[in-house]
Amino acid sequence: MENEGAYLSRIPENLQSSQAYENAEFSIDSLEQAIDLLRDAY
């Protein structure tokens, strides 16, 4: 998930400990897990 990683890398360093950053990181991780599960199912 190249685009999502790029999104996180563009967030300024001073905001990387914010709740919004943590939410984005959690969402990206969840999407990656869902994609892996779907790939494994087919």
Hey, I28 assigned to a helix (DSSP H, G or I) and either touching a Gly at 6+ places or on another chain (Cβ under 8 Å) or among the basic types (K, R) (or both) or not: yes
The stretch 1-23 residues that are touching a residue at least 12 places away in the same chain (Cβ under 8 Å), paired with ones that are outside any helix (DSSP H, G or I) and surrounded by 11 or more Cβ atoms within 10 Å (Cβ to Cβ) (beta carbon under 8 Å, 6 or more apart): Y21/I11
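Read-outs: derived from the displayed coordinates by stated rules, not from any lab. Just so you know, these numbers come straight off a predicted model, no measurement behind them. So basically every Cβ, Gly included, is an ideal-geometry build from the backbone, and we count neighbours across all protein chains shown.
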